[in-house]
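Working notes, beginning with the structure itself.
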Amino acid sequence: MLKGKIAIVTGGSRGIGRAIALKFAENGADVAVVYAGNSQAAEETCAAAESFGVKCKAYRCDVADFEATKALTAEVLKDFGRIDILVNNAGVTRDGPVAMMKEQDFDTVVGVSLKGAFNMIRHCSRTFMHQKSGRIISLSSVAGLTGNPGQANYSAAKAGIVGLTKSAAKELAGRGVTCNAIAPGFIDTDMTKEMTDKAREAVVGAIPLKRTGSPEDIAALAAFLADDGASYITGEVIRVDGGLCI
Ligand code: NAP
């Protein structure tokens, strides 16, 4: 149970982040939902979370912006009084072959998906160190573990999450803070919906469990990593991919 805990979930308006926010709310946590621009989706997440009897507030913030994330963290602290759990889930893709990739597309993906996680860890870790407790959970991807053609930028960002997670885990362990990463395989969200039936069939064919994943498959692990039962797990990168990378 997460009763009385305060969680920040970046990218909590849609997809995996929304499922994590709702699972946390179901388990009793108050949630700060961070989103980029889709305020309607963020408000829908908050309304659904509040139906579990917890507090939930949406914050518009570009996680790639260092100063904006600093102000965000201060605002969440003011609104909720403390922060116990940080989920770095916000991420974007700008796919294309590396030989043709625009500089901006590399910078945007690394800026949101990797620097965004650094920014949030940077600003929340002082609070965690002061409290002598905290949970950091960041979304990597199997693309960061194995590479993926057409996703050099995204794979680099997601591999970066692994190094960031392990380094922060070593640094913060002495203060009672754990830091872990989740590496999803193919999960059905807006990020993966632009796919032909044929391409989807090929993906499912390569997954030993013969199905794509749901956001709830990821949320279940996030809730476990945030809970007391996971207090001796840190520096881990856990795949949730139906066996894709076995
Ligand atoms: P999604 O459905 O595309 O949702 C992306 C979320 O990130 C939205 O809430 C969006 O906010 C937010 N966001 C985007 N840019 C942002 C920014 N600059 N600042 C703050 N928030 C921002 O994505 P998803 O599929 O749920 O993926 C969630 C995470 O899991 C990502 O890190 C992704 O890389 C990772 N992942 C996904 C898969 C998959 O198969 N889906 C696989 C492996 C890893 P708005 O609603 O306001 O746009």
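The values are calculated or read from the model by the stated rules, or taken from the named source; none is laboratory data. Keep in mind the model is a prediction, meaning the values are calculated, not measured. Glycine gets a Cβ as well: all are built from the backbone with ideal geometry, and neighbour counts include every protein chain shown. Side chains included, ligands, DNA and RNA excluded: accessible areas come from the protein's heavy atoms. Shrake-Rupley method; radii C 1.70, N 1.55, O 1.52, S 1.80 Å.
Using a 1.4 Å probe over the heavy atoms of the protein chains, calculate the carbon and sulfur portion of the accessible area of segment 74-201 as a whole percent.
Carbon and sulfur atoms account for 53 percent of the accessible area of segment 74-201.
If you add up the charges near residue 102, with Lys and Arg at +1 and Asp and Glu at -1, over every other residue whose beta carbon is less than 15 angstrom from its beta carbon, what do you get?
My count for the surroundings of residue 102 gives -3.
Give the distance, in whole Å, between the Cα centre of segment 100-128 and the Cα centre of segment 29-99.
Cα centroid of segment 100-128 versus Cα centroid of segment 29-99: 14 Å apart.
What nm value, rounded to one decimal, do you get for the distance between residue 224 and residue 60 when each label is placed 7 Å out toward the C-beta?
Using points 7 Å along Cα→Cβ, the separation is 3.8 nm.
For the chain, give me every cysteine whose Cβ has no other Cys Cβ within less than 4.7 Å, ordered by residue number.
Lone cysteines by the Cβ rule: 61, 124, 179, 245.
Taking only Cα atoms and a 10 Å spring cutoff, compute GNM fluctuations for the chain and point out the largest among 95, 228, 197.
Greatest mean-square fluctuation among the candidates belongs to 197.
When the chain is fully extended, how far beyond the present Cα-Cα distance does residue 210 get from residue 102, taking 0.36 nm per residue of separation?
Going from the current span to full extension adds 35.4 nm.
Need one number: nm distance between label points at residue 79 and residue 236, each 7 Å from Cα along Cα→Cβ, rounded to one decimal.
Modelled inter-label distance: 3.1 nm.
At 7 Å along the Cα-to-beta-carbon direction for both residue 197 and residue 48, put a label point, then send me their distance in nm to one decimal.
That separation, rounded to one decimal, is 2.7 nm.
Given the options 35, 119, 48, identify the residue whose Cα lies farthest towards the positive end of the charge dipole of the chain (+1 on Cβ of Lys, Arg; -1 on Cβ of Asp, Glu).
119
When averaged across all projection directions, what area in nm² does the alpha-carbon convex hull of segment 191-246 cover?
Hull-based average projected area comes out at 4.8 nm².
Most fluctuating residue of 71, 181, 223 in a GNM of the chain with Cα springs under 10 Å: which is it?
71
Report the number of Lys pairs in segment 124-205 whose alpha-carbons are under 23 Å apart, with separation of 8 or more residues or on distinct chains.
5
Taking the Cα atoms of segment 6-240, report the difference between the largest and smallest coordinate on each principal axis, in whole Å and largest first.
49, 36, 34
Nearest 20 debye, what's the magnitude of the dipole of the chain about its Cα centre given +1 on Lys and Arg Cβ and -1 on Asp and Glu Cβ?
Dipole magnitude for the chain comes out near 600 debye.
Sort 139-145, 188-194 by packing, meaning the average of other beta carbons within 10 Å per residue, with the highest value first.
In descending order of packing, they fall as 139-145, 188-194.
Mind checking the per residue accessible area of the chain for me, 1.4 Å probe, whole number of Å²?
That works out to 47 Å² per residue.
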